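Participant: Sharing a structure below in structure tokens format, with a few things to ask.
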Amino acid sequence: LIDMEASYAEYEEWSEEPIPETTIKSYKKALQQLEKCKPYEEALLGAETPKLAEYQAYIDFEMKAGDPARIQLIYERALAENCLVPDLWARYNQYLDRQLKVKELVLSAHDRAVRNCPWTVGLWIRYLLAMERHRVEHSIISEMFEKALNAGFIQATDYVEIWQAYLDYLRRRVDFTQDSSKELEELRSAFARAVEYLKQEVEERFSESGDPSCTIMQNWARVEARLCNNMQKARELWDNIMTKGNAKYANMWLEYYNLERAHGDTQHCRKALHRAVQCTSDYPEHVCEVLLTLERIEGTLEDWDAAVQKTETRLARVNEQRAKAAEKEAALAKQEEERAEQRKQARAEKKASKKAKKTRTGDKRKADEDDEGEWGQEEELPSKRHRGEGDGVVPEEDMEVETGLFGRSEKPDGPAVPKEKASTSRKDIPKVFHDSSKDKVTVFVSNLSYTMAEPEAKLRELFGSCGEVMEIRAVFNNKGTFRGYCYVQFREEEAARRALALDRTAVEGRPMFVSPCVDKNKNPDFKVFRYSTTLEKHKLFISGLPFSCTKEELEEVCKAHGNVKDIRLVTNRAGKPKGLAYVEYENEAQASQAVLKMDGLTVKDHVIKVMISNPPLRKLPDRPEPGRASLPLAPRQIYGARGKGRTQLSMMPRALQRQSNPVAKAENGMVQNSPATSSEPPAEPKKMSNADFAKMLLKK
């Protein structure tokens, strides 16, 4: 219809006779139709692939108009550009099944659907139903079912659904008025094969059968009981169901009881309920109530007494178990509180000991200043020689430069700085005190660059867009160096929630981590991980990317297969790419299409792998059992009065270092027993000659 005005004008000019009235009416009607369709056509022309939203709007418009030919054509146009979208095929096939109902057209569309989207179990089920609806031969339907089993579904439950659909079809073929028939035997063999298939093939592939409640076996038992009047077979099947771990569930016992009540006898009903009272662990009260109701209606006095005694005994045991579980849970909670208190006390003691040690170090340095010649007069620790010097004593200025405040060996470029002046800059740094009562309006920011200049000003500018920033508490070490993390406190809690959206923002080339401010003492198990660790069918995991690949370049590759909502390039803590990425699409259909098109694609000479995002389960570190003593930590290194030396080379032969008893180095390089690892008094080391040393080395 587009541009038909020009065609009509040419027709008028060419025609020698007046244009017929019917032609004019048809032309005006076509103009009206064009005006209605034009907005949708223009939207399609201006949209980018895959144009799903625009096509869906066009389909809705045509469905309201109700012209079957136009509806079919718009669906075909949409599928020509989106042949890997299962939802679009499902809607098209549903329209054909319910409205057109033309056999060749319907079956052709279903066949194309499963050929383009073989991983979607719903399309296979619709195909089997359509074939049955149009009276296709049984052999062809069975052959199509076998193809479905080999289609490669992505979930174990998909195989349960396709088996259930096929078994329903076979059940509808059976004439149950006959005691025995070929169709009935085929149905029974199919049930048996389905159970075996889920146990062997599916469980081996997915580590689960996909049918934990044994729905297929339950349906088999219902068919045997209700349609075949074979309660003996139904009881065997239910016995098999209960042995697969379902005996602890009350609903399973009640399902069997209802079947026995409808098609069995009272004796088996009573027997089933007595077993249920004994085995049920989730809702034993409900099972006990059903048993008492049965005996109240149909039981004798002896039956009633036995039921009351059994239910009272069982419920007493259940209440006792619940009380023990509650006590155990309370004890664990108390132990956790005690451990948290112990950790808090240990940290306080460690902090106090560090403070006392610093005080002692300061007093010692002050005494050293009063007595300048004391270092040079020590006989056990002779002074180190400098180049160009003899055996004389090291001057006081050189000694201070060598040892430093904590015994580190550093040599400044300029002249020596007095001790009081050197320590002033570190003492002037304010300590960061955290107020846990304001955790709800505070976020914890980490993984920042240690070399960041003016972190408070930089972060105040960055977080100012989230809300009013009350305070930024940057954390520095004793030297005044920024430690890479800080606390940002807002006025309102809503601003703190908005600040969490800045997580993983690049700041000076590194991803900044923003997380809620949580006290780890009160919540030791708290972990912040903003991404899902389960199967996400609309998200892709891409590996093998070149490290130079940017987010924009990857988006350019991915958007050809659907509407990309988000792209996340995985980096390490330093912000360097790891060659991995997660790409999120609008729906599962677009993601499936992208997997087929992009897997094995070459990006900058790198072959990438693309799959549906399904991260493996994370292994949590084993925690020590309560009450079990942990292994003693290795003793800390003991240094001499002058701190670490210029070299860390050990002057001890390796043979001595590999002795079974733990050893520690003393100041003079000899070996002595560590007091932290032995409760016995240290034995005096045996003096060894050069020959003894030679023998030990030759043994190696």
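Participant: Once the whole set of protein chains is in place, how much accessible area is left on residue 696, using a 1.4 Å probe, in Å² to the nearest 10?
Facilitator: 50
Participant: Just to be sure I follow: if Rg is taken over the C-alpha atoms of the range 230-280 and Rh is the Kirkwood radius over the same atoms, what is Rg/Rh?
Facilitator: In the range 230-280, Rg relative to Rh is 0.93.
Participant: Same structure, new question: Using a/c under 1.5 as the rounded threshold, could you call the range 28-76 rounded, prolate or oblate? The axes a ≥ b ≥ c are square roots of the C-alpha gyration tensor eigenvalues, and prolate needs a/b larger than b/c, oblate otherwise.
Facilitator: Here the range 28-76 falls in the oblate category.
Participant: Once neighbouring chains are kept in place and the probe is 1.4 Å, which whole percent of the accessible area of the range 212-346 is contributed by carbon and sulfur?
Facilitator: 50
Participant: Another question about this same structure. Can you tell me which of 555-561, 113-119 comes out highest on packing, and rank the rest after it, using the mean Cβ neighbours within 10 Å?
Facilitator: 113-119, 555-561
Participant: Using only the Cα atoms of the range 539-612, what do you get for the radius of gyration and for Dmax, in Å?
Facilitator: Both quantities, over Cα of the range 539-612: 11.4, 35 Å.
Participant: Taking the solvent-accessible surface of protein heavy atoms with a 1.4 Å probe, what is the per residue accessible area of the range 539-612 in Å²?
Facilitator: For the range 539-612, the per-residue accessible area is 52 Å².
Participant: Considering only the other residues whose Cβ falls under 11 Å of the Cβ of residue 193, what net charge follows from Lys and Arg at +1 and Asp and Glu at -1?
Facilitator: Summing Lys and Arg as +1 and Asp and Glu as -1 gives -1.
Participant: With an 8 Å cut-off on Cα pairs and a minimum separation of 6 or more residues, tell me the relative contact order of the range 470-519 in percent.
Facilitator: Rounded, it is 23 percent for the range 470-519.
Participant: Which Rg and Dmax, in Å, describe the Cα atoms of the range 439-516?
Facilitator: 11.6, 36
Participant: Okay, moving on. Need one number: the % of Cα-Cα pairs in the range 1-93 sitting beyond the 23 Å mark.
Facilitator: Percent of Cα pairs beyond 23 Å in the range 1-93: 39.
Participant: Moving to a separate point now. Suppose all protein chains stay in the model; what accessible area per residue would a 1.4 Å probe give for the range 212-346, in Å²?
Facilitator: For the range 212-346, the solvent-accessible area averages 59 Å² per residue.
Participant: Could you please state, rounded to a whole Å, how far the C-alpha centre of the range 100-122 is from the C-alpha centre of the range 252-271?
Facilitator: Taking the Cα centre of the range 252-271 as reference, the centre of the range 100-122 is 43 Å away.
Participant: Same structure again: Roll a 1.4 angstrom probe over the protein heavy atoms and tell me the percent of accessible area of the range 539-612 that is carbon or sulfur.
Facilitator: Summing carbon and sulfur atoms, their accessible area is 50 percent of the total for the range 539-612.
Participant: With equal scatterers on the alpha carbons only and no solvent term, can you work out the Debye log10 of I(q)/I(0) for the range 47-152 at 0.13, 0.18 1/Å?
Facilitator: Debye output, listed in q order: -0.48, -0.86.
Participant: Here's another thing I want to ask about it. How large is the accessible surface of residue 63 in square angstrom, using a 1.4 angstrom probe and rounding to the nearest 10?
Facilitator: Approximately 80 Å² for this residue.
Participant: With the cut-off at 19 Å, tell me which of the pairs 38/64; 147/182; 233/271; 101/147 have Cα atoms farther apart than that.
Facilitator: From the list (38/64; 147/182; 233/271; 101/147), the Cα-Cα distance tops 19 Å for 147/182; 101/147.
Participant: Here's something else I'd like to know. Ranked by accessible surface with a 1.4 Å probe, highest first, in what order do 105, 698 come?
Facilitator: 698, 105
Participant: How big is the range 212-346 in terms of Cα radius of gyration and Dmax, in angstroms?
Facilitator: For the range 212-346, the Cα-based Rg and Dmax read 20.5, 73 Å.
Participant: Let me ask another. Tell me, what is the 1.4 Å probe accessible area of residue 444, in Å² to the nearest 10?
Facilitator: Ignoring ligands and nucleic acids, residue 444 comes out at about 60 Å².
Participant: Of all accessible surface on the range 439-516 at a 1.4 Å probe, what whole percent is carbon and sulfur?
Facilitator: C and S fraction of accessible area: 48 percent.
Participant: Of 551/604; 458/565; 440/537; 351/479; 458/576; 537/604, which ones are farther than 25 Å apart at the Cα?
Facilitator: Those over the limit are 458/565; 440/537; 537/604.
Participant: OK, next. Which value in nm describes the separation of the simple spin-label points at residue 142 and residue 232, placed 7 Å from the Cα toward the beta carbon?
Facilitator: 2.8
The values are calculated or read from the model by the stated rules, or taken from the named source; none is laboratory data. Keep in mind it's a predicted model, so treat the numbers as computed, not measured. For neighbour counting, all protein chains shown are included, and Cβ atoms are generated from backbone atoms with ideal geometry for every residue, glycine included. Only protein heavy atoms, including side chains, enter the accessible area calculation; ligands, DNA and RNA are left aside. Shrake-Rupley method; radii C 1.70, N 1.55, O 1.52, S 1.80 Å.
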